[in-house]
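Peer 1: Structure incoming, see below.
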Amino acid sequence: MQSLADLISSYDLSNLQWVLLGISGLLIGMSKTGISGIGLMVVPLLANAFGGRPSVGLLLPILIFADIFAVTWYNRHAQWKHILRLLPWAFAGIILATLVGKSISDQTFSRLLAALIIGGIAILIWRDIRADKIKIPKSRWFAGGLGLLGGFSTMIGNAAGPVMALYLLSMRLPKNIYIGTGAWFFFIVNLSKVPLHIWSWKTITLNSFLLDVLVIPAIAAGAFLGIWLVRLLPEKFYRILVIVTTLLSALLLF
């Protein structure tokens with residue numbers, strides 16, 4: 001039976017790649033339990049370290065592991081009517097993104113990924129600046145459009161957080177319900193993407209999955225750290241840091 005040390009040495013990763021994997025697990029764990037937006041930083045970090053398309057498959061199981069922590073902690077706060085309203089549109093966006101992502105080059109994939117991240121950052125900034133003035137429509141077409149965009153963004157780059165945040169903002173949900181609803185939505189959506197990554201894009205393999213398993217301790221630490229920090233520190237400081245560092249990382253993908 002292969003030992004843990006043998007498994008780690010078999011991946012032939014640089015020290016920087018191991019560090020970035022650990023940081024990614026920590027940040028994803030934090031983002032799923034309340035430090036909203038900070039997970040967006042992980043997408044360009046892993047893309048720069050492992051390549052655009054491979055990084056998306058590497059990140060997906062990490063997100064699912066973190067989703068498990070989130071739905072366990074916030075399970076009773078989810079509002080399923082919002083989840084069920086978005087899911088059909090999100091699935092359509094995922095299928096569209098699967099076809100697009102399979103037919104483009106790695107360089108184009110990375111640039112599309114960067115564009116989606118920068119677009120997400122723009123939504124975050126716009127939402128923060130005009131939070132008290134935003135009049136967001138609540139029609140089924142608005143929900144459908146955001147669901148389609150969210151599905152496309154999450155399949156291409158696991159970067160649908162700002163889109164989902166915009167929809168939940170329009171529903172004026174309390175904090176815990178906001179987090180719980182988002183946690184269940186992404187858990188379902190992320191699970192649905194796994195077969196497409198395995199058989200269509202071939203970005204999830206047994207080796208990549210075992211590598212993700214090694215990141216679980218960092219994810220758990222981030223999840224509990226996020227729960228603690230969301231009660232202790234102002235979110236504004238984190239949001240500024242996330243926006244600046246994510247924007248710089250995304251620009252590197254071009």
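Peer 1: I'm trying to understand the selection: among the residues of the range 87-106, which are at pLDDT below 90 and touching a helix residue (DSSP H, G or I) at 6+ places or on another chain (Cβ under 8 Å)?
Peer 2: Result: Val100, Gly101, Lys102, Ile104, Asp106.
Peer 1: While we're looking at this one, here's another question. Can you pull out every residue in the range 157-182 that is at pLDDT 75 or above, assigned to a loop (DSSP other than H, G, I, E, B) and not hydrophobic (A, V, I, L, M, F, W, C)?
Peer 2: Asn158
Peer 1: I want to confirm something. Restricting to the range 123-156 and keeping residues that are among the small types (Gly, Ala, Ser) and modelled with pLDDT of 80 or more, which single residue is farthest from Lys81 (Cα to Cα)?
Peer 2: Pass one, the range 123-156, residues among the small types (Gly, Ala, Ser): 131, 139, 143-145, 147, 150-151, 153.
Now narrow it down to the ones that are modelled with pLDDT of 80 or more: 144-145, 147, 150-151, 153.
Details: Gly144: 14, Gly145: 17, Gly147: 14, Gly150: 17, Gly151: 18, Ser153: 22 Å.
This residue is Ser153.
Peer 1: Here are some conditions: (1) crowded, with 24+ Cβ neighbours inside 10 Å; (2) free of Cβ contacts under 8 Å to residues at least 24 places away in the same chain. Ala159 meets all but one. Which one does it not meet?
Peer 2: (2)
Peer 1: Can you name the residue in the range 217-250 that is of a type in the set (Gly, Ala, Ser) and at pLDDT 65 or above and, of all such residues, is farthest from Ile28 (Cα to Cα)? So that I can check it myself, show each step before the final result.
Peer 2: Residues of the range 217-250 that are of a type in the set (Gly, Ala, Ser), as a first pass: 218, 220-223, 226, 249-250.
Now narrow it down to the ones that are at pLDDT 65 or above: 218, 220-223, 226, 250.
Values: Ala218: 9, Ala220: 10, Ala221: 10, Gly222: 7, Ala223: 8, Gly226: 9, Ala250: 17 Å.
Filtering first and then ranking leaves Ala250.
Residue-by-condition table, conditions (1) over 19 Å from the mean Cα position of the chain (by Cα); (2) assigned to a helix (DSSP H, G or I); (3) modelled with pLDDT under 85; (4) among the aromatic types (Phe, Trp, Tyr):
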residue	(1), (2), (3), (4)
Gln2	yes, no, yes, no
Ile8	yes, yes, yes, no
Leu27	no, yes, no, no
Gly34	no, no, yes, no
Met41	no, yes, yes, no
Leu45	no, yes, no, no
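Peer 1: When you look at Leu191, is it aliphatic (A, V, I, L, M) and either surrounded by 15 or more Cβ atoms within 10 Å (Cβ to Cβ) or modelled with pLDDT under 90 (or both), yes or no?
Peer 2: Values: aliphatic (A, V, I, L, M): yes; either surrounded by 15 or more Cβ atoms within 10 Å (Cβ to Cβ) or modelled with pLDDT under 90 (or both): no.
No; evaluated as a whole, the condition is false for this residue.
The values are calculated or read from the model by the stated rules, or taken from the named source; none is laboratory data. Remember, predicted model here, so these are calculated numbers, not experimental data. All Cβ positions, glycine included, derive from the backbone under ideal geometry; neighbour counts span all protein chains shown.
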